[in-house]
Amino acid sequence: SQTAPTIITGQTAETSIATDDTILIHDTSASALRKMTRANFVSGIGGTNTPAFEAYLGGSGGQSVSDNTVTLVQASTEVYDTDSAYDTSTYRFTPQTAGKYLVYASIQTESGSGSNLNASYLYFKLNGGSNILESSNDYYNNQIRADIIQGSMIVDMNGSSDYVELYGRIDSISGSGQLFESDSQFARATHFGAYRILT
């Protein structure tokens with residue numbers, strides 16, 4: 001009711017908007033029309049799901065692991081890392097923004113030659129402590145050779161010192177030849193990621 005239809009009718013329809021473009025809004029407290037930049041408008045209605053990252057186990061030949069041993073997954077190749085919060089040498093995600101984060105991962109396990117895989121396990125650890133999630137696939141009654149195990153959960157992080165890591169474990173009959181498969185074997189099958197959720 002604050003604008004005449006002829007002001008809008010027949011105007012060029014925009015398909016995108018620049019950060020400093022303005023948007024027309026009605027200020028109900030003053031009963032007046034106001035303009036606001038796109039940047040200010042967006043900041044008032046929501047935010048971005050960052051910090052966020054995803055990394056995968058690169059290289060060739062996979063990561064060798066000892067039988068039935070909880071082992072840090074060396075996901076060293078980044079797909080993206082919005083805030084440089086993931087360390088590709090320690091394999092830790094340490095976001096400097098407090099909030100709730102959806103953490104997710106997948107590990108492709110290999111038991112060596114033959115059908116030797118009893119079970120696969122995936123763990124998230126917060127600050128190097130006890131497991132905050134354990135997923136498992138059990139094949140004790142019908143062993144297989146390889147497996148993909150997945151897990152996800154929401155983790156509260158303080159935005160300063162909290163960090164999360166991905167671990168895995170393989171229980172094999174043979175006791176040797178266990179691997180976390182790398183990207184060269186199965187594209188990004190072993191990967192680790194997280195992003196902040198808006199609450």
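Of all residues in segment 152-184, those satisfying the criterion of being among the β-branched types (V, I, T) and at pLDDT 95 or above are I154, V155, V164, I170. Whenever a residue of segment 128-146 is within 12 Å of S115 (Cβ to Cβ) and in contact (Cβ under 8 Å) with a residue 12 or more places away in the chain, its partners that are open to solvent by 50 Å² or more (accessible area, probe 1.4 Å) and part of a loop (DSSP other than H, G, I, E, B), lying with C-beta atoms within less than 7 angstrom and at least six residues away or across chains, give the pairs Q143/S115; Q143/I173; I144/S115; R145/S115. Of the numbered criteria (1) farther than 24 Å from T88 by Cβ; (2) open to solvent by less than 20 Å² (accessible area, probe 1.4 Å), the one N142 fails is (2). Every condition in (1) at negative phi; (2) at pLDDT 95 or above; (3) in a loop (DSSP other than H, G, I, E, B) is met by S84 except one, and the failing one is (1).
Taking every residue in segment 92-113 that is of a type in the set (D, E, K, R) and pairing it with any residue that is open to solvent by 50 Å² or more (accessible area, probe 1.4 Å) and assigned to a strand (DSSP E or B), at least 6 positions away or on another chain, the pairs with Cβ-Cβ distances below 6 Å are K100/I154; K100/D156. Within segment 10-28, the residues that satisfy the criterion of being of a type in the set (A, V, I, L, M), open to solvent by less than 80 Å² (accessible area, probe 1.4 Å) and part of a strand (DSSP E or B) are I23, I25. Of all residue pairs spaced 6 or more apart or on separate chains, those with beta-carbon atoms under 6 Å, a first member in segment 173-185 that is touching a residue at least 40 places away in the same chain (Cβ under 8 Å) and a second member that is open to solvent by 10 Å² or more (accessible area, probe 1.4 Å) and of a type in the set (V, I, T) are Q178/V65. If you filter segment 96-116 down to residues that are modelled with pLDDT of 95 or more and small (G, A, S), you find that the one that is nearest to I154 (Cα to Cα) is G99. From the list Y123, Y80, the lone residue that is within 27 Å of I197 (Cβ to Cβ), touching a residue at least 12 places away in the same chain (Cβ under 8 Å) and open to solvent by less than 60 Å² (accessible area, probe 1.4 Å) is Y123. For first residues located in segment 59-77 and closer than 23 Å to G128 by Cβ and at pLDDT 95 or above, partners that are in a strand (DSSP E or B) and open to solvent by 50 Å² or more (accessible area, probe 1.4 Å) and lie 6+ apart or on another chain with Cβ distances below 9 Å form the pairs V70/N131. In segment 107-199, counting only strands (runs of 3 or more DSSP E) that sit wholly within it, the ones holding 3 or more residues that are in contact with a Lys or Arg (Cβ under 8 Å, 6 or more places away or on another chain) span 117-126, 146-157, 164-172.
If I ask for residues that are more than 20 Å from the chain's Cα centre (by Cα) and under 24 Å from G62 (Cα atoms), which ones from segment 141-175 would you list?
The initial filter retains those residues of segment 141-175 that are more than 20 Å from the chain's Cα centre (by Cα), namely 141-147, 169-175.
Scanning segment 141-175 gives Q143, I144, R145, A146, D147, R169, I170, D171, S172, I173, S174, G175.
Taken over segment 163-189, the criterion of being closer than 15 Å to R92 by Cα and not aromatic (F, W, Y) is satisfied by V164, E165, L166, G168. Looking for whichever is out of contact with any helix residue (DSSP H, G or I) (no Cβ under 7 Å at 6 or more places or on another chain), among the aliphatic types (A, V, I, L, M) and open to solvent by 70 Å² or more (accessible area, probe 1.4 Å) here; the options are I197, I132, I154, I170. Which one fits? Just a single option satisfies the conditions, and that option is I154.
The values are calculated or read from the model by the stated rules, or taken from the named source; none is laboratory data. Here the structure is a predicted model, which means the values were calculated and not measured. We place every Cβ from the backbone using ideal geometry, glycine too, and count neighbours over all the protein chains shown. Protein only, heavy atoms only, side chains kept; ligands, DNA and RNA dropped before computing areas. Shrake-Rupley method; radii C 1.70, N 1.55, O 1.52, S 1.80 Å.
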